[in-house]
Amino acid sequence: MSTRSPAPVLGAALAVLRKDLLAEWRTRIAVNALFLFAFAVLVLVGYAVGPTRLAPEDRPTVNAVLLWIVIFFSAMTGLARVFVKEEEAGTASALRLAAPPAAVLLGKYLVNVVLLFAVTAFIVPLFLVLTSFEIACPPLLVALLVLGGLGLAGASTFTAALVSKAAAKGALFAVLSIPLLLPPLVAAVSGTQVAARESSFAAGLDFVRVLVAYDGVVTTAAFLLFDAVWRE
Amino acid sequence: MRLVADKLTRSYGARRIFGPLSLEIPKGTVLGVSGSNGSGKTTLLKTLAGLIRASGGSAKIFLEGEEAGAGHAPREVAWAIGWVAPDLALYGELTAEENLEFFERVRGRAPAIGRARALLEGVGLPPHSHSKKSLSSLSTGQRQRVKLAYATLHEPAVLFLDEPSSNLDADGVEVVARVVAAQRERGIAIIASNDLRDLALADETVSL
């Protein structure tokens, strides 16, 4: 007889993560979309601005923007799938009945973090080489990439849950995500410009703080609101 | 254990799908729900299971040993509900066993060795028929059997079966009868169908 209580959140979230990564490994739909988009844009950026087409003093400003544009649009390409595919394939009901909502959100968030960090690890070294983008403070850039990635993944995951039942998912995902993601993107771009110019981590600390605060707010809001979004 | 609906209603805008409906289903009961296409059978089951919100009234599940309490809204005890329906799908990229093991894990239970395989054999799927195949490569009838195994994997208190015999051969219909008989011992089953073979398994039938 079933008289157990709901499953622990962390264990169930890891099960969702494992299942999604296994399914992704077998189909490679999101991975292909993310990496092909990132590769195409990198080639275009490398061709358009290359190592010699920008004056050295302009490189931090222009390259920081371009780097985050590539990361942002790569995220938009693949991260919505975590919830959209559950609704489109008809598996959402099974997941709703079996897993605690918080575990579903955490598991899907972790899937997007893994995907985004993988594509970021692919994009950033190639971008730095193709554009001869020199970073004066690499630890600051790494901190911005990690915190910016967590924010992008968090907001994208929650927005994906919101739009998953809508008819025009792609358009709605972009419309809802862009205003949500502007604050961390502005902080990440500004911080990356500082990382290119200044060798001191402290020079970019304000931008790190903004990203930490954003990640905290987005994660908290997502967990508070997700139950209503997922169940309705 | 019992399931109680009190003036339960579901509408879409001004269009009422069913209700107000009041009923009490005690443990050991199999309830059939019949009605023409579009009469609201599936909507009733989804509302009782907490998959969609009621427009009015309430549904409560009183679990074993909690009969004197206030009862639980179905979505509060989703882990005690089993669900099979035509629009339900499991993960096509995984094998049948991997699907069942995943649903064990998200319910907080470590998958017992051989349990998924035994359940699948119980619904008429011996290992050679599915063990190395993704779910999407199985036939529609085989996938329906996997859904029956999924729905009973956690020994639910309340089992909802929407058109359970659809796409099943005669042997598969026997499997449905066995699943319902086991559920009668364990708790409550509610079957929505127009198939007389399904409705014959019910103790009583509500017509919408």
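The values are calculated or read from the model by the stated rules, or taken from the named source; none is laboratory data. Computed from a predicted structure; not experimentally measured. Heads up, the Cβs are rebuilt from the backbone with ideal geometry, glycines too, and the neighbour counts pull from every protein chain shown.
Within the span defined as region A:92-114, one or more residues are charged (D, E, K, R) and under 27 Å from B:Phe103 (Cα atoms).
Report yes if some residue within region A:81-91 is out of contact with any helix residue (DSSP H, G or I) (no Cβ under 6 Å at 6 or more places or on another chain) and buried (at least 20 other Cβ atoms within 10 Å of the Cβ); otherwise report no.
Going residue by residue through region A:81-91, those that are out of contact with any helix residue (DSSP H, G or I) (no Cβ under 6 Å at 6 or more places or on another chain) are A:85, A:87-91.
Of the ones still in play, those that are also buried (at least 20 other Cβ atoms within 10 Å of the Cβ) are A:85.
Taking every residue of region A:81-91 in turn, at least one turns out to be out of contact with any helix residue (DSSP H, G or I) (no Cβ under 6 Å at 6 or more places or on another chain) and buried (at least 20 other Cβ atoms within 10 Å of the Cβ).
Checking the condition in contact with an Asp or Glu (Cβ under 9 Å, 6 or more places away or on another chain) and within 14 Å of another protein chain (Cβ to nearest Cβ), which residue from A:Leu17, A:Leu22, A:Leu10 passes?
Sole residue among the options that is in contact with an Asp or Glu (Cβ under 9 Å, 6 or more places away or on another chain) and within 14 Å of another protein chain (Cβ to nearest Cβ): A:Leu22.
Scanning region B:75-89 for residues that are crowded, with 19+ Cβ neighbours inside 10 Å, within 17 Å of A:Arg231 (Cα to Cα) and more than 7 Å from chain A (Cβ to nearest Cβ) turns up B:Val77, B:Gly82. Report those strands (runs of 3 or more DSSP E) wholly inside region B:8-68 carrying at least 1 residues which are within 14 Å of another protein chain (Cβ to nearest Cβ). Result: B:56-62. Of all residues in region B:70-104, exactly one satisfies the criterion of being of a type in the set (S, T, N, Q) and under 18 Å from the mean Cα position of the chain (by Cα), namely B:Asn99. Within region A:67-82, residues that are farther than 16 Å from A:Val189 by Cα sit with their Cβ atoms under 9 Å from residues that are hydroxyl-bearing (Ser, Thr, Tyr) and outside any helix (DSSP H, G or I), at 6+ positions apart or across chains, in these pairs: A:Ala80/A:Ser164; A:Val82/A:Ser164. Of everything in region A:82-99 that is more than 15 Å from B:Ala49 (Cα to Cα) and of a type outside the set (A, V, I, L, M), the residue that is farthest from the other protein chains (Cβ to nearest Cβ) is A:Phe83.
If you scan region B:169-188, which residues turn out to be away from every other protein chain (no Cβ under 12 Å) and of a type in the set (A, V, I, L, M, F, W, C)? If you could, list the steps in order and put the result at the bottom.
First, the residues of region B:169-188 that are away from every other protein chain (no Cβ under 12 Å): B:169-181, B:184.
Result: B:Ala170, B:Val173, B:Val175, B:Val176, B:Ala177, B:Val179, B:Val180, B:Ala181.
State all residues of region B:90-115 that are at pLDDT 90 or above and more than 13 Å from every other protein chain (Cβ to nearest Cβ); if no residue qualifies, say none. Across region B:90-115, the qualifying residue is only B:Ala96.
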